[in-house]
Amino acid sequence: MTTIGRRTLLVGLGAAVAGCAAPAPDPTPPPSPVGAGLEQIERRFGGRLGVFALDTGSGAVVSHRGDERFLLASTGKAFIAAAVLQRAAAEPALLDRVIQYDASALIANAPVAERNLATGMTVAALGEAAITHSDNTAANLLFDLLGGPAAVTGFVRGTGDATTRFDRLEPDLNVSTGPDDERDTSTPAAVVATLRAVTLGDGLDPAGRDRLTGWLLANTTGDATIRAGAPAGWRVGDKTGTGGQGERNDIAVLYPPDRAPILLAVYTAPADPEAEPSNETVAEATRAVVAALA
């Protein structure tokens, strides 16, 4: 493992093995381009920037505050939907079940649920709406179906994730009282591991993986974040999130042409809770990661 900068790591499996026979590294190595770049982005942003990326082909990792907790906000909807898809594998009729709801269930940012108030929505349509439009009512209805936030925490525990936690419903889960508030949080590293499990690993059956991946690729809310930082020609399946204190987050599977996928999580925590969410910070961090893994 090679330490890069104060908080940034770039780890290559081959380099790690070769490094076993090498002399002990300088305890204060000079910042690498990716380390310096992410720290500069963080300084311009004015708060904490959390980044974790995994190149599934080479095993290389980029991590900047990758083990620090950040508010999930709506990025967690990817795992709510995944929990539903896992249940659907055991209950084949689940995705076609129609969920009825009334106007009292409608909250801010529920465009799809509002349009379908009169007819209700299938569970599959709720999952799609929660990811592709970040529909908050859809997310809450899925929480209810599963048995509440604790059930989604249980789902991610089953994938091996001991870090990510779900505690509240929309919109309360977007509120943080400060760095010591661990409700509805995770680390970028844990999020990437769980995203890998449900999109590329065995966290879901093949049908569930394919459906979840399709929803992520069809997302309509991420054009200015990770997608904006990815090179032309790369497909990106992502789930964004915006917190109540100016957080702007995005998690994604990136598909470079003729290359294995890259998993990426970018989280922000502004020092000023009145700050505007910064799409550009997420896009800049993505460009730095892509350059480091090139």
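Please treat every number below as a calculation from the coordinates, not as lab data. Everything numeric in this text was worked out from a predicted model, so none of it was measured. Neighbour counts are summed over all protein chains in view; Cβ atoms, including those assigned to glycine, are modelled from backbone coordinates with ideal geometry.
Numerical summary
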item: Per-pair calculated FRET efficiency, R0 = 41 Å: residue 90 and residue 181 via Cβ, rounded to 0.05; result: 0.75
item: DSSP-loop trypsin sites (Lys or Arg not before Pro) across the stretch 155-196, with at most 15 other Cβ within 10 angstrom; result: 168
item: Extreme residue, positive dipole direction of the chain, given options 208, 293, 53 (C-beta unit charges); result: 293
item: Size of charge dipole - the chain - debye, nearest 20, with Cβ of Lys, Arg +1 and Asp, Glu -1, no other charges; result: 580 debye
item: Inter-probe distance in nm under a simple model that places probes 7 Å from Cα toward Cβ, at residue 220 and residue 150; result: 3.6 nm
item: Kyte-Doolittle at least -1.0, axis length at least 20 Å by Cα - qualifying DSSP helices, the chain; result: 77-90, 279-293
item: Neighbourhood charge, 10 Å Cβ-Cβ cut-off, centred on residue 179 and excluding it, Lys, Arg +1 and Asp, Glu -1; result: -2
item: Restricting the stretch 211-294 to GluC sites (Glu not before Pro) in coil, as DSSP defines it, with at most 13 other Cβ within 10 Å; result: 274
item: Order of 133, 64 - criterion: other Cβ atoms within 10 Å of each residue's Cβ, fewest first; result: 133, 64
item: Most mobile listed residue (162, 53, 90) in the chain, GNM with C-alpha springs under 10 Å; result: 90
item: Span from the the stretch 64-137 Cα centroid across to the the stretch 225-294 one, whole angstrom; result: 22 Å
item: Extreme residue, positive dipole direction of the stretch 39-293, given options 152, 252, 268 (C-beta unit charges); result: 252
